[in-house]
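Presented below is the structure to which this report refers.
The values are calculated or read from the model by the stated rules, or taken from the named source; none is laboratory data. Because the structure is a prediction, the values reported are computed rather than measured. Using ideal geometry, Cβ is built from the backbone for each residue, glycine included, and neighbour counts are taken over all protein chains shown. All accessible areas refer to the heavy atoms of the entire protein, side chains included, with ligands and DNA or RNA removed. Shrake-Rupley method; radii C 1.70, N 1.55, O 1.52, S 1.80 Å.
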Amino acid sequence: MKKLFSIFTILILFFTIISVSSVTSAATLDNVKAEVSKAKIAPGEEVNLTVSFGKDLGAYTIHAAYDDAVFEYVRSEGGTDNDTGDKVILTYHDTTGGTNPRTNAVITFKAKTGLTASNPTDFSVTLTGMSNPDASETYDDITTPIIKDVLVEPNYVNYSLSLDYTGTIKKNEAKDMKLTTASTMGKNYDHVRLIAEVTAKPKDDATAKLLATDNAGTEIDILQSGWGEADGYAIGGKDVKQELLLKGEFNTDGKYTVHIKLIDRENSDAVIADKSFDITVGEKTAEKPTTTTKPSTDEKLPTTYPQTGTTQYVYILLAVFALLVLYFVLRSQKEAKRYKL
């Protein structure tokens, strides 16, 4: 009897263990995936990270790690959220007893404003605490992160080239010029160079130079050697404006065409920006000699001078004075004769 009771007890325990095991055993979810609404976004734009389970779940916890230097958390749908600063923890538990399961959850992030460079980054997703709607089945935690790549990149504005100078250009005279590379939002490059060439000139033997001075004080003709170190220099960001001071020299008058290019040394010298400039060179202005006219030594000075109005009045007064003197002399003589008589 005792033996039968022992066997019966063992059987009960065996079936109890099997029953409990069937309820609490963990299965594997093979269809869980994460997707982003955009693989490339600009600063200030939002992106949705959607985690799909492949079946209805009544409970889960999503751990979505993100780069807090690039993104900020905005909102979520599908649970109670907790943003730790570089990770969003989204927890859901169906309190209705299985009548309100979920097949996915959505977490929204926003790329930070003010980013001026390309930022390749990603979201890293893991899941824990998963079970079916009535909690009769649980699922293995997903500890190997699901990675979704995202590129945050500004809306770049193409680079422009301008060659400026004032006044006219004369042959064989150095002319101050300024070559400007600009963009209100320029894509970042680490290895660029400026190169230039004369594509048209007035005569076959005409020559041109565009001379720049480096930090060592050495003059470099960018028409021959380009500008920058062999592996280039960096450019990019907001409100780019790089100015290169030049001296242009042309030995023949006429029209020259200079073609200038900004190239990417890191990408097989791919052209980033280019432009042609027409330059008209004029003749050098000849200086007029200064001459002084000297009077000839044979030239005779005038012996008489034209009378002026003042001189005529003087002669008239002298004549009147003479007449008055003559009058008084004659009168005196007449008076003297009368007294003698």
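Projected label points at L317 and A39, each 7 Å from Cα along the beta carbon direction, are separated by 11.5 nanometres. For the residues E153, E77, a 1.4 Å probe over the protein chains yields an accessible-area ranking, largest first, of E77, E153. Evaluated with a Cβ-only charge set (Lys, Arg +1; Asp, Glu -1), segment 20-81 carries a dipole of roughly 240 debye about its Cα centre, given to the nearest 20.
Take the Cβ atoms of T199 and K284, set R0 to 30 Å, and the FRET efficiency comes out at 0.75.
For segment 96-223, a/c is not less than 1.5, where a ≥ b ≥ c are the root eigenvalues of the C-alpha gyration tensor, and a/b tops b/c. That puts it in the prolate class. 3J(HN,Hα) along segment 145-160: x, 8, 9, 10, 7, 9, 10, 9, 9, x, 7, 5, 10, 4, 6, 10 Hz, from the Karplus curve 6.51 cos²θ - 1.76 cosθ + 1.60 with θ = phi - 60°, whole Hz, x for Gly and Pro. A DSSP coil position with no more than 16 other Cβ atoms inside 10 Å describes the following chymotrypsin sites (Phe, Trp or Tyr not before Pro) in segment 135-216: Y156, Y165. Ordering D264, D67 by accessible surface, largest first, gives D67, D264; the 1.4 Å probe counts only protein heavy atoms, with every chain in place. Put simply, the amide H of I220, placed in the peptide plane, has neighbours under 5 Å in A212, T213, D214, leaving out anything fewer than 5 places away on its chain. Surface listing: K203, K241 arranged by accessible area from highest to lowest gives K241, K203, probe 1.4 Å.
Phi-derived couplings, Karplus 6.51 cos²θ - 1.76 cosθ + 1.60 at θ = phi - 60°, listed residue by residue for segment 251-267: 8, 9, 6, x, 9, 10, 10, 10, 10, 10, 10, 9, 10, 9, 5, 7, 10 Hz, with x used for Gly and Pro. Amide hydrogen proximity for T252: with H placed 1.01 Å from N in the peptide plane, the residues at 5 or more positions away or on another chain lying under 5 Å are N172, T207. Note on S162/A117: beta-carbon distance plugged into 1/(1 + (r/R0)^6) with R0 of 35 Å gives a FRET efficiency of 0.90. Net length available on complete extension from A234 to I147 is 28.2 nm, with 0.36 nm assigned per residue and the Cα-Cα distance removed. For N188, nonlocal amide neighbours, meaning residues 5 or more places apart or on other chains whose placed amide H falls under 5 Å from its own, are S118, G237. Annotation for segment 201-285: GluC sites (Glu not before Pro) lying in DSSP loop with at most 16 further Cβ atoms inside 10 Å of their Cβ are E229, E283.
Taking each of K175/K238; K178/K238; K241/K284; K112/K241 in turn, the alpha-carbon distance tops 29 angstrom for K175/K238; K241/K284. Backbone geometry of segment 109-116 corresponds, through the Karplus equation with coefficients 6.51, -1.76 and 1.60 at θ = phi - 60°, to 3J(HN,Hα) couplings of 10, 10, 5, 5, 6, x, 6, 10 Hz, x marking Gly and Pro.
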